[in-house]
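Peer 1: Please read through the structure below; I'll follow up with questions.
The values are calculated or read from the model by the stated rules, or taken from the named source; none is laboratory data. Only a predicted model underlies this, so the values are computations on that prediction, with no experimental measurement involved. Cβ: placed from backbone, ideal geometry, glycine included. Neighbour counts: every protein chain shown.
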Amino acid sequence: MRAWMSCQRVSTPDGRVTYNPLTHRTLAVQTGSCAFTDAAGSLFANAPMQRMLGCDERACGNDSPLVSLFLVQETLARQQRQPLWVFNSQPYGAYGITQLWLFCFLPDVDDYGGCNGIFCHARPFPFLSLPDYLECVNPGTVEDWHRFTDRERGIIFLSLQRLRSKRIGQWLRI
């Protein structure tokens, strides 16, 4: 993560650290809800995150209570200089649907302890509610687990770990 963000950083002549347009384009093509903030705390979000937070297409200002909540959580991650995972159950989107979302804030900390920016990724949490998660209720269980053989389950598991087919074949001796 740090290598990705640090290769995108650009220092301006006056010494400020900013992000180059390639980062903005990379963020724009992401299908999941994600955003980043620069060293000054300016928010840059892709279209799914903008829709979720209720931002304008051109800029995400503090006019939305969801953006304000996002920036408070981002500030907390910036001050702690540690990854922060937050459950939010606010009504998101155009229809105000209440859905439990997991927000992952990942700060980019330099060698001197300064925070140069934060990358955030948001995804729906698979459990129906936080109490279900705390009480170890299984999320969306598969009805018929015997539908797959042990080898097929291994392939599915390793595919979800983002291993390439060649590596999966070596691992499972296929």
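Peer 1: Would you check if there is a residue in the stretch 133-147 being modelled with pLDDT of 65 or more, over 27 Å from PHE87 (Cβ atoms), out of contact with any strand residue (DSSP E or B) (no Cβ under 6 Å at 6 or more places or on another chain) and not aliphatic (A, V, I, L, M)?
Peer 2: Yes, that holds for at least one residue.
Peer 1: Does at least one position in the stretch 11-33 carry a residue that is under 14 Å from the mean Cα position of the chain (by Cα), surrounded by 11 or more Cβ atoms within 10 Å (Cβ to Cβ) and at pLDDT 80 or above?
Peer 2: yes
Peer 1: Quick one: what pairs do we get from the stretch 155-167, first residue in a loop (DSSP other than H, G, I, E, B), second among the hydrophobic types (A, V, I, L, M, F, W, C), C-beta under 8 Å, 6+ apart or different chains?
Peer 2: From residues that are in a loop (DSSP other than H, G, I, E, B), the pairs are LEU163/TRP171.
Peer 1: I've got another one for you. Kindly indicate the residue of the stretch 95-116 that is outside any strand (DSSP E or B) and under 15 Å from LEU66 (Cα atoms) and also modelled with the highest pLDDT among those meeting that condition.
Peer 2: In the first step, residues of the stretch 95-116 are kept if they are outside any strand (DSSP E or B); the result is 95-96, 99-100, 110-114.
Next cut, under 15 Å from LEU66 (Cα atoms) only: 95-96, 99-100.
Working: TYR95: 68, GLY96: 67, GLN99: 71, LEU100: 75.
For the stretch 95-116, the residue satisfying everything is LEU100.
Peer 1: For the subset of the stretch 69-94 comprising residues that are touching a Ser or Thr at 6+ places or on another chain (Cβ under 7 Å) and not charged (D, E, K, R), which member is modelled with the highest pLDDT? Give the steps one after another, and end with the answer.
Peer 2: Initial filter on the stretch 69-94 (touching a Ser or Thr at 6+ places or on another chain (Cβ under 7 Å)): 74, 89, 91.
The next check asks that each one be not charged (D, E, K, R); those that pass are 89, 91.
Values: SER89: 76, PRO91: 71.
Out of the qualifying residues, it is SER89.
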